[in-house]
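Taking it in order: structure first as structure tokens, then the write-up.
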Amino acid sequence: MFEVAKLAGVSHQTVSRVINDSPDVSDATRTKVQDAIKALDYRPSNSARALASHRSRTIGLIAGGMKFYGPISAISAIEMMARKHGLFMSVMMVHEALCTRAGIVSPVRTGDAFIMLTPTDVMFEAACYTQLTQPRVMITSTHGELSVSEGLRLIHSRERDRVSIVGIDQWSAMGDVVRMLTEYGHKRALY
């Protein structure tokens with residue numbers, strides 16, 4: 001960054017402002033800095049950014065359900081959107097049926113936010129009990145033994161404002177498919 005600043009004839013703070021798309025840089029200065037970045041083939045260090053900002057720009061993704069199509073397609077979509085927004089993803093797979101609170105809690109410590117794909121009641125319950133200071137989104141498609149409102153009650157009260165839960169109701173979706181089959185006279189469906 002200091003070499004870019006020297007070549008462009010600006011301070012390293014100005015280089016930082018250009019890299020972070022700050023509006024507080026004139027167009028002429030922005031062009032000089034961008035030309036210097038290109039000439040030196042400079043790439044910002046994510047490690048340095050994390051140290052300076054105390055933010056890793058990393059989303060922790062905890063997922064179960066490797067045998068199910070839904071979680072695999074969700075992981076792909078989440079990763080694509082994270083990359084599009086310049087974020088990194090750290091993925092941890094857990095066994096969706098044998099998951100315990102300790103199995104989720106122990107590895108979960110780094111990341112600016114977490115997404116938890118919890119396709120089973122066991123995993124959803126373990127994720128609800130997980131205590132995190134970072135925001136998290138839990139996506140569940142459980143079989144209904146533990147409702148979303150019951151899951152929210154398992155989350156410590158001081159954490160609830162940093163938790164969002166999205167429920168994917170597969171059972172009523174399947175009911176809709178069966179109703180459509182009956183209504184339209186179809187004999188087979190791929191769900």
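Given H placed 1.01 Å from N in the peptide plane, which residues other than close sequence neighbours of MET89 have an amide H under 5 Å from its amide H?
ILE59
Quick one: 3J(HN,Hα) in Hz for the stretch 114-119, Karplus 6.51/-1.76/1.60 with θ = phi - 60°, rounded, Gly and Pro as x.
Going residue by residue, I get 10, 10, 10, 8, 10, x Hz, with x marking Gly and Pro.
List the residues, sorted by chain then number, that are 5 or more residues from GLY65 or on another chain and whose placed amide H is less than 5 Å from its amide H.
Residues meeting the amide H criterion: GLU96.
Note down the accessible area of LEU152, probe 1.4 Å, to the nearest 10 Å².
Solvent-accessible area, nearest 10 Å²: 60 Å².
Would you calculate the separation in nanometres between label points at HIS156 and ASP21, each defined as 7 Å from the Cα along the Cα-to-beta-carbon direction?
The modelled label-to-label distance comes out at 3.5 nm.
Using a 1.4 angstrom probe and counting only protein chains, how large is the accessible area of SER76 in Å², to 10?
Rounded to the nearest 10, the figure is 70 Å².
How much net charge surrounds ALA5 when only the other residues with a Cβ under 12 Å from the Cβ of ALA5 are counted, with Lys and Arg +1 and Asp and Glu -1? Spell out each step's value before the answer.
Values: positive: LYS6, ARG17, LYS32; negative: GLU3.
My count for the surroundings of ALA5 gives +2.
The values are calculated or read from the model by the stated rules, or taken from the named source; none is laboratory data. Quantities reported herein were computed from a predicted structural model and do not represent experimental measurements. Glycine also receives a Cβ, built like all others from the backbone with ideal geometry; neighbour counts cover every protein chain displayed. Surface accessibility is based on the protein's heavy atoms, side chains included, excluding ligands, DNA and RNA. Shrake-Rupley method; radii C 1.70, N 1.55, O 1.52, S 1.80 Å.
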